[in-house]
């Protein structure tokens, strides 16, 4: 969800391979203001399953693992970046102990090695797979 100048906008994705930006009015009704189509091979891997609106960027993920990064200020342009991830390129998953149950994470676009993880009790900053800071904010 993104709010600019008291306009509330929401990004959604669908298995029909489209992403939509909705403008939500004060009465809670929504209108589609932009539809982004993702034509591809037509297979199940192209279905869209995740999205995130981070400041001025939209991140959209397909079931097959392709990540599309758009500039929110110019949605008529092609994606800023498109990263296909194949299973054999990902390797084995690594685990990082943040000291508490992770709830959310944010990636720094200009510094992809940095990750901010919100947890049950606070915030952890990761650089690669190393916890460089862990702040307990006293959440209960």
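The values are calculated or read from the model by the stated rules, or taken from the named source; none is laboratory data. Since this is a predicted model, take the numbers as computed values, not measurements. Positions of Cβ are backbone-derived with ideal geometry, glycine not excepted, and every protein chain shown enters the neighbour counts.
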Which condition number in (1) surrounded by 11 or more Cβ atoms within 10 Å (Cβ to Cβ); (2) at pLDDT 80 or above; (3) not assigned by TED's automatic domain parsing to the domain that holds residue 18 is the one that residue 132 fails?
(1)
Somewhere in region 30-40, is a residue assigned to a loop (DSSP other than H, G, I, E, B) and at pLDDT 80 or above?
no
Please go through (1) at pLDDT 65 or above; (2) farther than 24 Å from residue 44 by Cβ; (3) surrounded by 11 or more Cβ atoms within 10 Å (Cβ to Cβ) for residue 110 and return the number of the only condition it doesn't satisfy.
(3)
Checklist (1) within 20 Å of the chain's Cα centre (by Cα); (2) at pLDDT 70 or above; (3) assigned to a strand (DSSP E or B) applied to residue 73, failing item
(3)
Given the conditions (1) surrounded by 13 or more Cβ atoms within 10 Å (Cβ to Cβ); (2) in a loop (DSSP other than H, G, I, E, B); (3) at pLDDT 75 or above, report the number of the one that residue 27 does not fulfil.
(1)
